[in-house]
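Here, each number is a calculation from the coordinates, and none is a lab measurement. Note that the structure is predicted; figures quoted are calculated from it, not measured. Here the Cβ positions follow ideal geometry from the backbone for every residue, glycine too, while neighbour counts run over all protein chains shown.
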Amino acid sequence: MLNYTIRRLLFTIPVLLFISFIVFLLLDLAPNDPTGNLPLTIPPDVRERIRQSLGLGEPIHVRYFLWCVQFFVNEPLNILEQWTGLQFGSGDRLRVQSWATRSPVVDLIVERMPQTLWVVGMSYVVGIIIAIPIGVISAYRQYSWFDQAGTFVSMVGFSVPTFFTGVLMIVVFSVHLDWFPSIYDTTHRVTDWQSFWFQVRQMIMPVSVLALFNAAQISRFMRASMLDNLSQDYVRTARAKGVREPVVLLVHVLRNSLIPVVTVIALGIPQVFGGAIITEQVFKVNGLGQLLIIGIQGADIPLVQTLTFIFAVLIVFFNLIADLLYGILDPRIRYE
Amino acid sequence: MYFPIVAGVFRRKVGEVKAVDDVSFDIFEGETLGLVGESGCGKSTVGRSILRLYDITAGEISIDGAAIGQISGSTLRRMRPAMQMVFQDPQASLNPRMTVASIISEPLEEHTSLSPEDKLDRVGSLMDSVGLNRDFMNRYPHEFSGGQRQRIGIARALALNPRFIVCDEPIAALDVSIQAQVINLLEDLQAELGLTYLFISHDLSMVRHLASRVAVMYLGKIVELAPRDTLYESPRHPYTQALLSAVPEPDPEREAHRERIILKGDVPSPANPPKGCTFCTRCPKVMDVCRTVPPAPSLLGDGHEVACHLYPSGSGLGNETGTNTEA
């Protein structure tokens with residue numbers, strides 16, 4: 001398994017380099033202009049000089065190479081220096097800088113990460129906690145009223161977009177009932193019970209909107225997987241042994257059914273880091289999703305390039321984790 | 001044992017499959033009753049109903065005088081140690097995520113209060129008795145061959161010292177060479193532990209080898225039940241005669257002269273069985289009465305029972321002790 005992991009990790013290096021190059025090419029081909037948001041009064045020759053100063057005069061392979069050096073060498077060295085306190089070289093390295101804010105992209109990401117992880121990550125956890133019991137009961141009592149209701153809620157969660165449910169919740173719970181704030185306050189700090197309660201209140205709506213969506217997906221997977229396993233012969237064997245029904249269900253069937261579901265959950269985690277772009281916009285959570293949207297609007301190529309690449313790394317990495325989890329959970333699968 | 005047929009948007013019950021209908025027989029302690037019949041005739045359903053893996057529609061099952069037909073829940077669970085089952089598919093009937101040790105010891109976990117060491121000891125001795133190496137205790141089912149998996153299934157069934165085991169085509173999924181091993185193992189265990197078997201199979205020669213009495217099923221009913229030698233030498237029911245004529249003969253000289261009775265047509269649907277005798281649509285000796293009146297079982301002496309109008313009902317049936325089912 002260790003050899004397999006190392007081999008897979010080595011194989012990800014060319015894959016990721018290729019991805020980064022494709023992303024760079026796509027961004028370069030996109031018809032956007034970093035000076036597009038500047039006032040129209042700026043004359044064309046000044047605009048051209050701004051572009052030159054951003055390095056856009058260089059040919060694409062030079063720019064790609066410079067980004068690679070900045071991202072793969074300078075940034076990791078910088079992080080190492082911060083962690084260990086050691087000094088590598090002069091310490092005067094060019095970092096990946098956002099064109100719009102002139103601050104290092106990595107610092108921006110570190111700033112935005114907590115909001116996204118709290119809101120989107122929490123919604124994922126809540127979604128899983130809701131989805132698994134619903135899936136189990138729906139499968140065990142197939143075609144019962146519970147199953148029908150669960151199917152209906154899943155269909156709603158699946159098919160109604162988050163920008164609709166989000167706005168609907170704001171209208172109902174913020175405007176009419178005035179229970180929760182409609183805007184997520186990122187500067188809020190939890191210091192005592194009261195501020196903690198405020199934090200909970202402002203998280204409830206974005207978390208529940210996203211959790212509904214996540215739970216809809218996962219509960220369907222869970223139900224299908226449970227149904228698949230419930231009709232297996234080993235379940236009948238367990239009953240013939242005289243095993244208690246809860247043990248049959250939770251030990252025999254659930255454990256086997258969780259194998260594919262855990263894979264699906266692991267594959268979904270990169271999306272948590274990617275942030276829920278639309279939901280973050282609706283509730284004004286300034287997380288990573290919102291950062292990406294702003295970067296795209298302002299043609300902030302280093303920011304978009306770096307963010308997209310980090311998402312790609314996470315996706316590749318969690319794919320590997322899903323494969324390894326499969327090997328751990330299912331004794332029939334062994335990696336050599 | 002009737003299964004409902006549901007259809008339509010609202011899943012209303014539109015009919016029922018009479019998978020097993022009006023079946024009554026006894027199994028005596030220490031004997032092997034062979035149950036044969038073609039695919040879909042209800043053999044497995046009988047086996048599972050006897051062990052109450054299904055809720056029977058009507059009738060009664062008794063083991064050792066204890067009626068288990070209508071009990072459920074924990075009462076039924078406490079009866080489980082006495083009756084066990086060996087399943088047809090040794091791969092699918094073992095939980096793929098459990099080691100052999102946990103598969104075999106799970107019944108001990110549920111029904112006994114042995115210490116972990118004693119449990120492990122019991123698992124080891126069970127593996128010895130079915131001819132598996134104790135060192136394989138911590139392996140998973142997929143690491144074994146088909147014959148070995150079936151031995152695991154048998155060891156699991158034996159874990160609680162059952163007195164009665166239903167073997168539901170335990171050899172159907174195995175190679176012929178492995179079949180003999182498993183059959184010999186079952187015989188040895190029977191001699192050693194005094195087990196009672198209900199041996200379900202469609203392999204007539206294996207049943208002839210193993211069973212002391214044989215019951216023949218057709219479309220959810222038992223058509224003939226007789227001691228092994230009587231049944232194989234003088235089958236009375238036309239269906240049994242046709243079935244036995246299909247057994248291949250190893251001697252090519254005799255095989256060339258074997259007279260086969262070829263049945264015409266298909267088995268009727270168990271959802272809509274014929275009105276009289278279920279076999280009347282294909283019987284070579286069909287009479288008018290067969291199409292209207294279902295035949296009652298008649299005793300021909302020597303424990304030979306036939307449900308056919310060719311053999312009119314004689315004396316009534318004696319009720320013996322043992323396992324009796326009516327589903």
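Sparse packing (at most 16 other Cβ atoms within 10 Å of the Cβ) combined with a DSSP loop state is found for the following chymotrypsin sites (Phe, Trp or Tyr not before Pro) in the stretch A:1-96: A:PHE88.
Shown for B:GLU255, A:GLU58: other C-beta atoms within 10 Å of each C-beta, ranked fewest to most, produce the order B:GLU255, A:GLU58. Could you work out the helix-only [θ] at 222 nm for chain A, with each DSSP H run of four or more residues adding -39,500 (n - 2.57) and the total divided by the number of residues, to the nearest 500 deg cm²/dmol? Roughly -22000 deg cm²/dmol at 222 nm, from the helical runs in chain A.
Residue order for B:ARG52, B:ARG291, fewest other beta carbons within 10 angstrom first, comes to B:ARG291, B:ARG52.
Calculated mean residue ellipticity at 222 nm for chain B: -8500 deg cm²/dmol, from DSSP H runs with n ≥ 4 weighted as -39500 (n - 2.57), summed, divided by the residue count and rounded to 500. Evaluated with a Cβ-only charge set (Lys, Arg +1; Asp, Glu -1), the stretch A:144-278 carries a dipole of roughly 480 debye about its Cα centre, given to the nearest 20. Cross-link pairs exceeding 21 Å between alpha carbons, from the set B:LYS18/B:LYS221; A:LYS241/B:LYS13; B:LYS13/B:LYS264; A:LYS241/B:LYS18: A:LYS241/B:LYS13; B:LYS13/B:LYS264; A:LYS241/B:LYS18.
Our coupling estimate for the stretch A:202-214, obtained by passing each phi through the Karplus curve with A = 6.51, B = -1.76, C = 1.60 and θ = phi - 60°, is 6, 8, 4, 5, x, 5, 6, 4, 6, 5, 4, 5, 5 Hz, Gly and Pro reported as x.
Give the distance, in whole Å, between the Cα centre of the stretch B:95-172 and the Cα centre of the stretch A:100-126. The distance from the Cα centre of the stretch B:95-172 to that of the stretch A:100-126 comes to 53 Å. Counting neighbouring Cβ atoms within 10 Å and putting the fewest first, the residues B:THR240, A:THR5 line up as A:THR5, B:THR240.
Averaged over the residues of A:241-250, the number of partner chain Cβ atoms lying within 10 Å of the residue Cβ comes to 5.
Give the separation of the Cα centroids, the stretch B:190-233 to the stretch B:270-310, in Å. Distance between centres, Cα-based: 20 Å.
Compute the separation of the alpha-carbon centres of the stretch A:160-190 and the stretch A:293-334 and state it in Å as a whole number. The stretch A:160-190 and the stretch A:293-334 have Cα centres separated by 29 Å. Dipole of the stretch A:111-329 computed with +1 at Lys/Arg Cβ and -1 at Asp/Glu Cβ about the Cα centre; of A:THR165, A:PRO302, A:GLY327, farthest Cα towards the positive end is A:GLY327.
The length gained on full extension between B:SER212 and B:ARG78, counted as 0.36 nm times the residue separation minus their Cα-Cα distance, comes to 45.3 nm. Between the amide H of B:VAL86 and those of B:VAL166, B:CYS167, B:ASP168, distances stay under 5 Å, these residues lying 5 or more places away or on another chain, with hydrogens modeled in the peptide plane. Taking every C-alpha pair closer than 8 Å and separated by at least 6 residues, the mean separation divided by the residue count of chain A gives a relative contact order of 27 percent.
Counting only Cβ charges, +1 for Lys and Arg and -1 for Asp and Glu, the dipole size of the protein assembly as shown around its Cα centre is about 1420 debye.
When you filter the chymotrypsin sites (Phe, Trp or Tyr not before Pro) in the stretch A:126-231 for DSSP loop state and at most 12 other Cβ atoms inside 10 Å of their Cβ, you are left with A:TYR143, A:TRP179.
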